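Below: one structure, written as structure tokens.
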């Protein structure tokens with residue numbers, strides 16, 4: 001079967017089993033860059049036998065001809081059998097082969113671009129492979145681990161044993177990161193427990209260095225150990241720096257690590273985009289999704305300027321569109337077993353319930369009730385009863401269960417301290433966030449607060465030893481959120497510095 005070229009209009013495409021050719025963009029890009037790697041197969045009558053997607057890609061590109069090979073004297077039944085077997089019996093890449101291929105092509109493109117002065121970046125890689133930026137990120141992360149394991153015996157290749165790239169990222173990579181975070185968390189709690197200062201315990205992202213700091217701390221507390229450290233250091237002829245200078249630098253390094261807090265998890269931007277770009281990443285979500293607000297029910301103690309600002313940020317139609325985007329994104333970014341909890345306006349309950357069910361969440365059929373113990377005012381007492389409650393919707397992925405459970409659907413709490421601390425009109429009570437976090441998660445779990453506002457939920461999660469990613473779109477609220485988180489860290493450590 002010799003390879004030749006034929007005009008597309010001379011080839012007949014018969015009725016075929018495959019009706020949906022899928023996204024042809026990556027194939028068209030490959031053909032544009034490299035030409036057709038595998039020719040299509042036709043019979044003696046120039047009827048297409050195999051290569052429907054390749055033929056369709058050429059057609060969409062407007063190419064006049066295509067490379068072909070002939071399969072002589074082929075009956076119609078044989079042609080149908082060949083088409084079916086080509087798609088049924090062919091062996092696709094395993095997920096590890098596909099991930100390594102993406103990784104190696106991406107790295108080779110980076111090297112070639114560096115040598116030639118051309119541009120190669122993640123955006124171009126996403127276009128080439130037909131994936132989102134978030135998906136490319138976790139594929140490259142996993143593939144790097146796969147590449148490192150290729151030098152190990154088969155039985156020690158841990159990442160190769162997972163069933164998919166998503167599982168390797170979620171259980172393997174994120175599991176390793178969580179173990180590091182919990183180890184650092186235990187170290188910090190031990191330090192805080194030994195302190196005479198009345199500081200709350202805190203969960204935060206781990207710094208880059210742990211073991212060296214632990215060693216330095218134990219040595220500094222003992223003159224004998226410090227003398228041993230000096231002798232060990234000075235016994236090495238490669239150590240030319242005086243020991244006192246070396247030790248001073250080491251202590252400075254330890255101080256910088258212990259006093260440094262990362263603000264990278266506090267993000268400014270569209271949380272829906274972030275969730276879609278980070279699939280299977282988050283353990284749980286607790287938030288207060290924006291919703292259409294009845295302005296007559298707001299606390300009338302706020303001045304008119306504040307009321308106008310609140311009203312402008314809570315357009316009913318815009319927020320209903322946001323709800324439609326939120327639930328699919330929340331389902332995507334959370335792990336296999338996850339809770340998604342959000343405050344909810346009673347007028348929006350059925351709409352939000354239906355949206356959550358539609359994407360696959362199981363929803364508790366009755367809401368939790370936040371009974372407000374203070375701060376409720378009724379400016380329309382002649383025709384309305386005082387509204388002193390909000391409702392909370394509890395969604396979960398199928399099979400997800402409580403850690404400790406919630407003993408009552410009525411939760412009594414005040415949000416006055418949270419409002420004072422965070423300076424946001426809709427700050428949520430610390431006590432309820434604490435109860436929810438303890439009911440659904442363990443310490444060290446990773447939470448997302450996608451509509452963080454002033455940070456009342458995020459800060460209480462941090463206080464209760466959970467890791468948090470907090471996102472806020474409104475610039476003024478984000479600036480306030482950042483300052484509130486800084487103040488919280490400073491309350492734990494007056495010497496705190498931020499990166």
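The values are calculated or read from the model by the stated rules, or taken from the named source; none is laboratory data. On a predicted model such as this, the values are computed, not experimentally measured, just so you know. A quick note on method: Cβ atoms are made from the backbone with ideal geometry, for glycine too, and the neighbour counts reach across all protein chains shown.
Here 434, 419, 337 are screened, and the one residue that is farther than 20 Å from residue 471 by Cβ and surrounded by 19 or more Cβ atoms within 10 Å (Cβ to Cβ) is 419. Residues in the stretch 68-96 that are within 38 Å of the chain's Cα centre (by Cα) and at pLDDT 85 or above were compared, and the one that is surrounded by the most Cβ atoms within 10 Å (Cβ to Cβ) is 96.
Taking every residue in the stretch 244-267 that is on the phi < 0 side of the Ramachandran plot and assigned to a helix (DSSP H, G or I) and pairing it with any residue that is modelled with pLDDT of 80 or more and surrounded by 14 or more Cβ atoms within 10 Å (Cβ to Cβ), at least 6 positions away or on another chain, the pairs with Cβ-Cβ distances below 7 Å are 259/493; 259/496. When the residues of the stretch 360-403 are filtered to those that are at pLDDT 95 or above and within 17 Å of residue 328 (Cβ to Cβ), the one that is surrounded by the fewest Cβ atoms within 10 Å (Cβ to Cβ) is 360.
Residue-wise test of (1) surrounded by 15 or more Cβ atoms within 10 Å (Cβ to Cβ); (2) at pLDDT below 65.
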{"site": "231", "(1), (2)": "no, no"}
{"site": "236", "(1), (2)": "no, no"}
{"site": "264", "(1), (2)": "no, no"}
{"site": "298", "(1), (2)": "yes, yes"}
{"site": "311", "(1), (2)": "no, yes"}
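For the stretch 156-179, name all the residues that are at pLDDT below 85 and surrounded by fewer than 15 Cβ atoms within 10 Å (Cβ to Cβ). 175, 176, 177, 179 - these are the residues of the stretch 156-179 that are at pLDDT below 85 and surrounded by fewer than 15 Cβ atoms within 10 Å (Cβ to Cβ).
Return the total of residues in the stretch 423-436 being touching a strand residue (DSSP E or B) at 6+ places or on another chain (Cβ under 7 Å) and either over 15 Å from residue 369 (Cα atoms) or part of a loop (DSSP other than H, G, I, E, B) (or both). Residues meeting the conditions: 3. Within the stretch 458-476, being in a helix (DSSP H, G or I) and surrounded by fewer than 21 Cβ atoms within 10 Å (Cβ to Cβ) holds for 463, 475, 476. Please work out if residue 269 is closer than 30 Å to residue 442 by Cβ and either touching a strand residue (DSSP E or B) at 6+ places or on another chain (Cβ under 7 Å) or modelled with pLDDT under 60 (or both). It is true that residue 269 is closer than 30 Å to residue 442 by Cβ and either touching a strand residue (DSSP E or B) at 6+ places or on another chain (Cβ under 7 Å) or modelled with pLDDT under 60 (or both). Considering the conditions (1) surrounded by 15 or more Cβ atoms within 10 Å (Cβ to Cβ); (2) modelled with pLDDT of 70 or more; (3) outside any loop (DSSP other than H, G, I, E, B), residue 279 is excluded by exactly one of them, (3). Scanning the stretch 19-44 for residues that are surrounded by 11 or more Cβ atoms within 10 Å (Cβ to Cβ), without any contact (Cβ under 8 Å) to a residue 40 or more places away in the chain and in contact with a strand residue (DSSP E or B) (Cβ under 8 Å, 6 or more places away or on another chain) yields 36, 39, 40, 42, 43. Here the condition is being at pLDDT below 90, within 27 Å of residue 125 (Cβ to Cβ) and surrounded by 15 or more Cβ atoms within 10 Å (Cβ to Cβ); of 50, 57, it holds for 57 alone.
The conditions of being in contact with a strand residue (DSSP E or B) (Cβ under 6 Å, 6 or more places away or on another chain) and under 23 Å from residue 134 (Cα atoms) are met by residue 339.
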